[in-house]
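Below is one structure, written out as structure tokens; comments come after it.
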Amino acid sequence: MSEFVSFTNEFGQTIDMSREDYQKKIIPHNLDMYWDKKEKLRDFAMELVKEQFHEQAAVAADRLLELYGPIESALIFRAVVHMQAREFDRAKAILTDCLERFPSSGTACTNLAKIYAFEGEDAKAFETLNTGLHKDPNQENGLNMYVESFLAGGSKDELRTQLEALAGKEGAWRPQLHLARLALTEENLLKAMHWYTHAIDGAKDRFEVVMTVTGELGQAGYVYQLIQICEKYWTPDFPFPYAGFNYANALIATDQKEKAIAILRNMQDHLPDNYKPMVDHFLLRVPGAQEIEAAAAQKVAESQPSDGTSKKSWWKIWK
């Protein structure tokens, strides 16, 4: 655990402060400021959990239960705070109550499974985790635990069978990601692309899955397949630039530097202001990018009418 806490103050500045000072000065102030503001208190409570301020996180979690009532997410968060403080019996009681109120809660099952695993009840932990994933097959944390348990036992074929069953559940898309990763480890690129495509098609927040898939394909060196995914699914109005950067890197690796620059500049027009400078920083690291942009701009300028009525940027007319 770090001796310092990094946080962003009300003026948007990043501050590093000792844990002792943060506990004395910032936590009481923020708890008081957010006490009646559900969403801000929830976000701050999550930071308290992350930084392992157990007692203060418990205060925030209790207040969230008062504000929200015994809804699923508030109950689970309160249980997680108990778990972090190693108050496992109290956490189990809340999670059991949660499952009685919300029988379809896969997240409650996954957290119960963590407690059983900690207590050495491995069979019960696995059974509970399996039940939770069949309730909600898209739990990232639960699926990671599930996959690790099979791989640790050398049961890759059984894992594949179980993941395929989960992938068949209505609304499932995350098991398909794990099936694609399994296929990549076996160098079965065709099968990996099959599952990656199904994962993207099935996800609600498609941009996040495209970012994940392009990152994994890029790390594995499959740049042409990465380009194929981007040409089908990527759009310049994605809220984050990372998939676009993966796309550009793949284009540069395949000697398509001009197209890479064009898609980045197009993307930059659509990004929120806080992400726009990242495109400039990216291009500064691309050898010859400035010369290519200057030459393209000059070519466009020479083709414009002499009255200067057209001011369209060169990257917007790239085909």
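Only the coordinates and a few stated rules stand behind these numbers; no lab work does. Fair warning: this is a prediction, and the values are worked out from it, not measured in the lab. Cβ placement follows ideal geometry from the backbone for every residue including glycine, while neighbour counts extend to all protein chains displayed.
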Within the P(r) computed for region 205-319, what percentage of the Cα pairs occupies the region above 19 Å? 48 percent
Which value, in debye to the nearest 20, gives the size of the charge dipole of region 205-319 about its Cα centre, when Lys and Arg are +1 and Asp and Glu are -1 at the Cβ? 200 debye
In order over region 123-134: 3J(HN,Hα) from phi, Karplus 6.51/-1.76/1.60, θ = phi - 60°, whole Hz, x for each Gly or Pro, gives 5, 5, 4, 5, 4, 5, 5, 4, 4, x, 6, 6
Taking the Cα atoms only, what angle lies between the long axis of helix 174-185 and the longest principal axis of the chain, rounded to 10 degrees? 70 degrees
Would you mind computing, in nm to one decimal, how far apart the modelled labels at His54 and Phe7 are, each placed 7 Å from Cα along Cα→Cβ? 2.0 nm
Listed residue pairs exceeding 30 Å between alpha carbons, taken from Lys38/Lys204; Lys232/Lys257; Lys232/Lys276; Lys24/Lys204; Lys276/Lys299; Lys204/Lys299: Lys24/Lys204; Lys204/Lys299
Once each part is reduced to its C-alpha centroid, what is the distance from region 102-120 to region 124-147 in angstrom? 8 Å
For a quick check, take a GNM of the chain with Cα springs below 10 Å and name the residue from Asp89, Asp16, Asp43 with the largest mean-square fluctuation. Asp16
I need to check one value: relative contact order of region 205-319, counting alpha carbon pairs closer than 8 Å and at least 6 residues apart, in percent. 21 percent
Just need the relative contact order of the chain here, percent rounded to a whole number, with Cα pairs under 8 Å and 6+ apart. 6 percent
Under the helix-only model (-39500 (n - 2.57) for each DSSP H run of 4 or more, divided by the residues of the chain), the mean residue ellipticity at 222 nm, to 500 deg cm²/dmol, is -21500 deg cm²/dmol
Share of pairwise Cα separations in the chain, more than 32 Å, in percent: 49 percent
Whole angstrom only: what separates the Cα centroid of region 3-45 from the Cα centroid of region 207-250? 35 Å
If you fit an axis through the alpha-carbon atoms of helix 140-152 and take the longest principal axis of the Cα set of the chain, what angle between them do you get, 0 to 90°, nearest 10? 80 degrees
Spin-label model distance (nm) - Tyr224 vs Ala152, 7 Å beyond Cα toward Cβ: 4.0 nm
Over 21 Å (Cα to Cα) - which of Lys114/Lys135; Lys40/Lys135; Lys92/Lys135 fall in this group: Lys40/Lys135
Folded to 0 to 90 degrees: helix 257-270 orientation relative to the chain principal axis, Cα: 60 degrees
